[in-house]
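Peer 1: Have a look at this one before I ask anything.
The values are calculated or read from the model by the stated rules, or taken from the named source; none is laboratory data. Every value quoted in this text rests on a predicted model; they were computed, and no experiment measured them. Cβ atoms come from the backbone with ideal geometry, glycine included; neighbour counts cover every protein chain shown. Heavy atoms of the whole protein, side chains included, go into the accessibility calculation; ligands, DNA and RNA do not. Shrake-Rupley method; radii C 1.70, N 1.55, O 1.52, S 1.80 Å.
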Amino acid sequence: MLVELNTKQYNDRVNLIYDAWTAAKNKEDYETLGDVDAILIVAGESSKEDEPVRKTTAFQAILLQTWLLGYEFPTTLILFTKDKIYFLCSPSKAKHLVQVEQSHPSVPIQIFVQPKPKDPPNDALANFLKVYRSCSKVGIIAKEKHTGKVIEEWEKALKEQGVKVESVDVAHCVSSFMAVKDDEEFKWMKTAANLSSTLLTHHVAVKLEQILDKETKITHQSFADQIEARIGSGDGERLPDTRVWSKGRGLTDVDWSSVEFVYTPVIQSQNTKEGYDLRASAESSNDNLAHKGILLVSLGMRYKSYCSNLGRTFMVDPSKEQEANYDMLLALQTELLNFMHDSVPARDVYNHALGYVREKKPDLEKYFLKSIGFGTGMEFRDSVYLLSPRNARKLRTGMVFCLSLGLQGLEDKSGKKYALSLIDTVRIGPERSVCLTEGIKSPKEFLFFFDEDPKKDVPPSKPKQALPTSVKNGKQAVPQKVAGTKVLRGKTRGAASEDTLEVQARLAAHQKTLHQQRQQDGLARWAGEEGDLTNKEGKQWKKFQSYRGEAGLPEMEDLKIFVDRKNLSVILPVNGFAATFHINTIKNASKSDEGDYTFLRINFQTPGQLAGKKEDTPFENPEATFIRSVSYRSPDGHRFDQLFKQITDLKKEVNKREQQRKAMADVVEQDSLIEVKGRRPLKLPEVFVRPALDGKRLPGEVELHQNGLRYVSPLGSQKIDILFSNIRHFFFQPCDHELLVIIHINLKSPIMIGKKKAHDVQFYREASDVQFDETGNRKRKFRYGDEDEIELEQAERKRRHTLNKEFNAFAEKCMEACSNSIGENLEVEIPFRELSFEGVPFRTNVRLQPTTDCLVHLTDPPFLVVTMSEIEIASLERVQFGLRQFDMILVFKDFKKAPLSINSIPSSQMDDVKHWLDSSDIPIMESRLNLNWGPIMKSINDDPYEFFLQGGWQVIGGGPGASDAESDLESESESDFVAEQEVLEESSSSNDDDESAYDGSDVSDDEGDSDMYDESEGDDWDELERKAAKSDKKRELNGKGHNSDAEADSDRPKKKPVAKSNGNKPTAKPVKKR
C-alpha cells in the first residue's frame, strides 16, 4: 500500500535544516555544523516492541526521518550535502520516496535503489559510497549503534575500500532541529497533553478515590494495567473507554490508532519495596497499593509520535508539614512558569528554582532534585535540553519541556521516607511559559482524609450545660426533627426562607459557572466545524441493478407488465421494448376505474418532489431528465388489480427489509464466551430474564464465566451470552419498596435475543411469596391477637433481606471478574430511591431514580437508562405558578440524537430535581412554555459553531439571566396577590363578629338594591361600612335579626348559598319570643 507523504512539510523542514547549516557559525546551537561537508543519517532495522528501551528513548535517526517524511524508513541511509540529498534504500521504500522527488523539492534528491535478495547486484551502494568519499568531514550521530543487513553491507564496504572520512558528532544539532515546534507539531502535542490530563482527572483520580474508600487490595502494576487499558487494544478487540475520553477537551476527532502510552503508568506508595523513585525510568512494582500516606502517579501519552508527561502526588491523612511542602512545589511551578521564556539558559532555570527553595524553605534544599526537567517532543527525554545546573543551552519560543519538580528522601514523624512529585508539560513563550497539561492541583482533589477518630487529638474542653433547644432573639426555638438530610418540621418561616434563599444563591452561582463552561466547551468542540452535522458524511447514491444483461431477463410470452419478485424489478412495455425498473426507483402505484377501462399509474422517485425529509434524497445526476410517472389502460381490470397488488406488496416488502437492515446496523457480533474450566461456575439460580425468551415463562440461572455472563433457560435449550467488554452500566436494584429484586445490564452495543434487538438485559426474581395460608392453622387455636400478621411481616422482611444480599453478592463477584478480565473497573450502581421522582418518559407514569452516573427506570419495560455524562443541558418547561406539573427535556451532547422528554413531573418535586441536576454538573434552563425542539435541533445541527458563537443556550433561554427575569415576574405577581389579600382582610374585619349566622341574606339585599348602581359616583368603603352598621343597628332596635330579614325577603330571587361541610342547605327558623 502506497502511503502519501506530506511533501510540503518535507520541504519546509529541509529548508530549516539548511538555513541552520548555513548560519551555523553565528548560532551557538549549530556551531558544530560550521565545518562539516555532509551529514550522514544511518537507520537500521526497527526495534522490536518488546524492547523496553524503545518506550522512553528512540534512535534520533528514526525520529529525524519521521520528522521530515512523516513515516519511519528503517534500513535507509540519508546523506545531506551542501547541494543535494542522497537516499540509499530498498525498492519498496524507493516507491514512497519518489513522491518527494517528483514534487520538485527546494533541495534536489537522488535515490539509490538496492536490489532485492533474488535480483542481481547493482552499483547503488558503490555510487552512494563514492559521494560519501568525496566529503572531507561528515557529521554523524555517534552514540547510536544500528543493526541490519544494510548496515552490515555499508560497514563492510567502508572497510574493504579503506574509506576514512573524518566524522563529527552532530547529535545535539539534530535535537536542535526538532526542538522548536511548528503549528502542526504543537497541535499534536496539545492533543497528547489533553489525553494525559483527561485520563488523570476523569479516571485515575476517580478510581484511586474508590480504591481508598473501599480499601480494595490491588497491586501497583495491576492498577497501572487498568489505566493503560483505557485506550483500548490496537487490534480492535477492546475499544477506547468513551466514558473517560468524552469528558476531555478537543478529543472528538482523535485518531485512536495513533494514541499510545509513552511508558506504562507509574504508581508508587509507601508499600513499594524499592522506595519512591522520581526518575523517568521508574516502574510500578507488584506490591499492594497502600491505603494511607503518599501516593505518586505519573503517566505519559503519545499522539502521532509526539509525547506529553504528567505526574501528581495524592495524600491520605497528610500532616501539616507534608501539605506545606507540596504547596511550596505548586508555588514554585507558578514561579518557574513566569521565569521560563525565550533566551533564558537552562541552567538559570534550575538555579532560580533552587534559590526559591533556599529562600522559602532552606531545610528542603538537600531533598531537591538534581534536574527539574527535560525537552520533549518526538523524543520523550531529550538529554540535550536538560534543566540542570550545567546546561548552558538557551530556551527558545516554541520549545516544549517536561517540568518535573520533586522532593525525595523526606521523612515523616514516624521515620518513614516519602517523596513529592509535580510534573507538567509546558510550552515556552516569548515572555512566559504555559502548561499544556492541567488538573488535580486543588487541595480538595489530591487530599484525602479517612481518620477514624478525628477528635482523638482534640483536648477535652470544659463541659457546658446543654440547652434543650436553640435560643434566638430571646425566644426558644422549636426543636427540629430531621430524617436523613431533610428537615421535616421545626423551622420558623423566617429561618426557612433564609435557608431557601441561601440554597438558591449557591445553585444560581454554580449554574452560572456551568453555563459558562458549556459555552466554552461548545466553542472549543465545534471550532472549524461547518455544514450540516446530521448529514456530515453526506448521503450516497445507491445504484440499483435489476439484471446484468439482456440474457438475465425472464422469459415472457407477450410484451406485458411483469413483476419480477426474484430480482425486485418491474418490467414495463415502452414503445415495443421491455424497460426494467428496480422497485427502489418506484415511489408508489395507483389504480382507478373509468368506464370499461382500468388505469394503472406508476409514479417514480424524482428530485424536487417533496419539501420535507426526502427532499435531500441523493441522485446520481439530479440535472438529468426523469420520468415522473407512467400510465397504462386496459379493459382487463382483474389483471390490473393483481399487478397493483403485486407492486404494492413488493414495495412494502422491500421497505420493511430496508428498515430491518437499518435497525440491525448497530448490532455487533460478540466474541465467544470463555467458559470457566476446572470448576463449576458461580451461579445465580431461579431468575427470570427480560426480554423474555421464546416458550413458556420459567426461571433459569445466570452463570459467571471468565469474560462474561451466560443465562441458561431451564431446559438448557436457549442461552444468552453477555461479555464484560460490552457492558456499559451494571445496576443492582434491591427489593426494598419494590416487588422485584433486579440485576440490570445496559449494553454498549445491542445484541440479538431471539429475533429482537436488545440494548438492555435484566435478571430478576420476585420478592413477594404468594404461597401462604390465609385460612389459619393449628397455631390459630392458641393465638388471639395479631401474632400471625406480625410473624408474616417478619418473614417477609427477612426474605427480602436475603434476596438483596444474594443478588448484591453476585453483582460484586461479576464486577470483580470484569476487572480481572478486561482491566476495566466497573462499579455496581444502586438507584437512590430517596432522590426519585415521578414522570412520563414514554407513555405511562413511572418512578425515575438517579444513580451515581445515570437516571434509570428498571422496574417495568420499556426501560430507561440515561447516562448523565452524555447530557448537554436540561430544560425545565411549563414552569408556571399554579401548574401542578412540569416537563423536563434532556438534550444530549450528541446533537444528532433526539432530546429525551420526561413529562408530567409533579411541581412539588421541582426543587429536588434542580438540586440533583446541579449536583450532576448539568446546566439548567427554564421556560414557561414547551419549546419546539425539532426545529431547534435542526438549526443547531446546521452550524453548531455559529450557534455557540451567537451565545449558545442563552439565546434559547438558558443561563441565570433568563431565570432571574422569570423570578422577577413571579415576585411581582405574588406581591399583587398579597396586597389584595390584605384589603380583603381589612374589609372583613370591620363586619360583625357573628359570622356563623350568616345565610346569604345580606348578599341578596345588595343585589336587590339597584339604587346603589344608579348613582353617578359609587360610595367608598368607609361609607358602605357606615351604612351597613346603621342598617344593622336599626334592625336590632326593631327587634328583628337576620332571620326576620330572611323571612321578609323570602319572596325575592335569592343567590344559591355557599354549601356547608355537611352538604345541607341552610334554613331560616322563626325566633320564639318568651
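Peer 1: Would you calculate the separation in nanometres between label points at residue 323 and residue 358, each defined as 7 Å from the Cα along the Cα-to-beta-carbon direction?
Peer 2: It works out to 3.1 nm between the two label points.
Peer 1: Full-extension gain between residue 832 and residue 813, please, as 0.36 nm times their residue separation minus the C-alpha to C-alpha distance.
Peer 2: Taking 0.36 nm per residue and subtracting the Cα distance, the gain is 4.7 nm.
Peer 1: Then there is this: Quick check on packing: order 266-274, 358-366, 285-293 by the mean number of other C-beta atoms within 10 Å, highest mean leading. Walk me through the intermediate numbers first.
Peer 2: Values: 266-274: 19.1, 358-366: 11.7, 285-293: 17.4.
So the order, starting with the most tightly packed, is 266-274, 285-293, 358-366.
Peer 1: Stretch residue 153-residue 169 to full length: gain in nm at 0.36 nm per residue minus the Cα-Cα span?
Peer 2: On the way: separation 16, 0.36 × 16 = 5.76 nm, distance 2.22 nm.
Contour length minus the Cα-Cα distance gives 3.5 nm.
Peer 1: Sticking with this one: Order the peptides 21-30, 135-144, 401-410, 195-204 from the highest to the lowest mean number of other Cβ atoms within 10 Å of their residues.
Peer 2: Numbers: 21-30: 14.5, 135-144: 16.2, 401-410: 21.6, 195-204: 23.9.
Put in order of decreasing packing, that is 195-204, 401-410, 135-144, 21-30.
Peer 1: At 1.4 Å probe size, put 412, 918 in order of accessible surface, largest to smallest.
Peer 2: Details: 412 50, 918 25 Å².
My answer, sorted largest first, is 412, 918.
Peer 1: For residue 144 and residue 4, what is the calculated FRET efficiency with R₀ set at 25 Å and r taken between the beta-carbons, to the nearest 0.05? Numbers along the way, then the final one.
Peer 2: Working: r = 29 Å, r/R0 = 1.15.
Taking R0 as 25 Å, the efficiency between residue 144 and residue 4 is 0.30.
Peer 1: Something else: Quote the FRET efficiency, to the nearest 0.05, computed for residue 27 versus residue 547 with a Förster distance R0 of 56 Å and r equal to the Cβ-Cβ distance.
Peer 2: Working: r = 73 Å, r/R0 = 1.30.
Rounded to the nearest 0.05, the efficiency is 0.15.
Peer 1: How much length, in nm to one decimal, is gained on full extension between residue 949 and residue 671, taken as 0.36 nm per residue of separation minus their Cα-Cα distance?
Peer 2: Values: separation 278, 0.36 × 278 = 100.08 nm, distance 4.48 nm.
Net length gain for the segment: 95.6 nm.
Peer 1: So what's the gap between the Cα centers of the stretch 627-690 and the stretch 313-328, to the nearest angstrom?
Peer 2: Each part reduced to its Cα centre gives a spacing of 63 Å.
Peer 1: Oh, and also: At what distance in nm do the modelled label points of residue 894 and residue 749 sit from each other, each positioned 7 Å from its Cα along Cα→Cβ?
Peer 2: 1.4
Peer 1: Would any residue of the stretch 680-696 have its amide N under 18 Å from a label point 7 Å out along Cα→Cβ of residue 802? List them or say none.
Peer 2: The answer is 683-688, whose backbone nitrogens lie closer than 18 Å to the label point.
Peer 1: Alpha carbon centre of the stretch 403-436 versus the stretch 65-81: separation in Å?
Peer 2: With the stretch 403-436 and the stretch 65-81 each reduced to a Cα centre, they are spaced 36 Å.
Peer 1: Continuing with the same structure: Could you tell me how far the Cα centroid of the stretch 119-144 sits from the Cα centroid of the stretch 894-957, in Å?
Peer 2: 68
Peer 1: With the crude spin-label approximation of a point 7 Å out along Cα→Cβ, what separation in nm comes out for residue 288 versus residue 434?
Peer 2: Modelled inter-label distance: 4.6 nm.
Peer 1: Sort 729-736, 696-703, 583-590 by packing, meaning the average of other beta carbons within 10 Å per residue, with the highest value first.
Peer 2: Numbers: 729-736: 20.2, 696-703: 15.8, 583-590: 17.2.
Packing order, densest peptide first, comes out as 729-736, 583-590, 696-703.
Peer 1: For a Förster distance of 56 Å, can you work out the FRET efficiency between the beta-carbons of residue 566 and residue 795, rounded to the nearest 0.05? Let's see the in-between values first.
Peer 2: Details: r = 66 Å, r/R0 = 1.18.
So the FRET efficiency works out to roughly 0.25.
Peer 1: If you don't mind, there's one more thing I want to ask. Please report, as a whole percent, how much of the solvent-accessible surface of the stretch 208-304 comes from carbon and sulfur atoms (probe radius 1.4 Å).
Peer 2: Result for the stretch 208-304: 41 percent of the exposed heavy-atom area is carbon or sulfur.
Peer 1: Of all chymotrypsin sites (Phe, Trp or Tyr not before Pro) in the stretch 839-899, which ones are in loop regions per DSSP and have a Cβ with at most 13 other Cβ atoms within 10 Å?
Peer 2: On the way: sites: 842, 863, 881, 886, 892, 895; in loops: 842, 863, 881, 895.
Listed in order of number, the matching sites are 881.
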